[in-house]
Structure formats: structure tokens, C-alpha cells
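We did not get these values from a lab; they are worked out from the coordinates using the rules stated. Since the model is a prediction, treat every value here as computed from it, not as a measurement. Don't worry about glycine lacking a Cβ; one is built from the backbone with ideal geometry, like all the others, and counts go over all protein chains shown.
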Amino acid sequence: MSLLAALCLVAGGMRVEIPANNFTLRWQHSIEKIDWEEDYILVGPWLFLSGARVRGSGAGMEPPAGAYYDKGIWHYRPVPDMRWTQQLRLTRSEFARDYELCVVGECQPLFRWVPVAAGTTVVAPCEPS
């Protein structure tokens, strides 16, 4: 039996914990209107970017070398030095579609947990209490 980690969303004085060992972050490019997805695994105080997908290409959105195209989607793994981070800082706007957070196969807009008006949202593994 594996222990479930927790993902923290922090913005504007709010802190929300979501039980998860991994998650997918989904968003739409504000100009090109093309969907992006990134898969993360929680590893202690780190987020590991295990894979990514983009549903097309456009200005500044070219898939990297080694990507493969399958059923309208480019699949790729980011370069090794860009796969580990301790947090994601998401700038959100009422003028663009909100990010979606997918946990255990269920995707919800981020505003389900934290309102867009709360400002920049930090996504990171929760520190153990």
C-alpha cells in the first residue's frame, strides 16, 4: 500500500491540499487556442515532469526534437535539465480559459479550488506536517 502525497495550491493567502501522487496540468495557449498538457509526479519536495503533449503547433509552440505525432497530438519528454522543479507559478487571467488540474483521471478547472481573482497560483508538493 503506497502513501498518498499531497499537492498544495497557494494563492492570495489561500492554501488548498489535494491528495495525489501525480497529476496532469492542462491549459490552452491564449493566442493560438491550442491545448497543452504536462504530467507530473510528486517526489518528496519535488515535481518531476514525466511527459507532455500539445494538440497542434503554432507561434512559439513547436514540439521539441524527439516528439512523436499520434492522432493529432504531439507527445514528448522535456529535456532532462527541465524535468525537476519545486514549484509551478501559474499566472491566471479572467480573459483566458483557466488551467485544469487532473487527478486520478478527473479534470477540474483550477477555480474549483482557488478563484482566479486570488492571483498567481503556486502548485507544489505540500510540506509534511
Candidates Gly51, Gly105, Gly119: whichever shows maximal mean-square fluctuation once the chain is modelled as a Gaussian network with Cα springs under 10 Å: Gly105
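With the cut-off at 1.5 for a/c, could you classify the chain from its C-alpha gyration tensor as rounded, prolate or oblate?
Numbers: a/c = 1.95, a/b = 1.27, b/c = 1.54.
In terms of gyration-tensor shape, oblate.
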Mean separation of Cα contacts under 8 Å (6+ apart) over length of the chain, as relative contact order %: 31
Three-way shape call for the stretch 84-129 based on the alpha-carbon gyration tensor, with the a/c threshold at 1.5: oblate
Distance between the stretch 78-105 and the stretch 14-44 - C-alpha centres, whole angstrom: 4
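Within 11 Å, Cβ to Cβ, of Thr120, how many net charges do the neighbouring residues add up to if Lys/Arg are +1 and Asp/Glu are -1?
Numbers: positive: Arg89, Arg92; negative: none.
With Lys, Arg at +1 and Asp, Glu at -1, the neighbours total +2.
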Cβ-based net charge around Cys107, under 14 Å, with every Lys or Arg adding one and every Asp or Glu removing one: -3
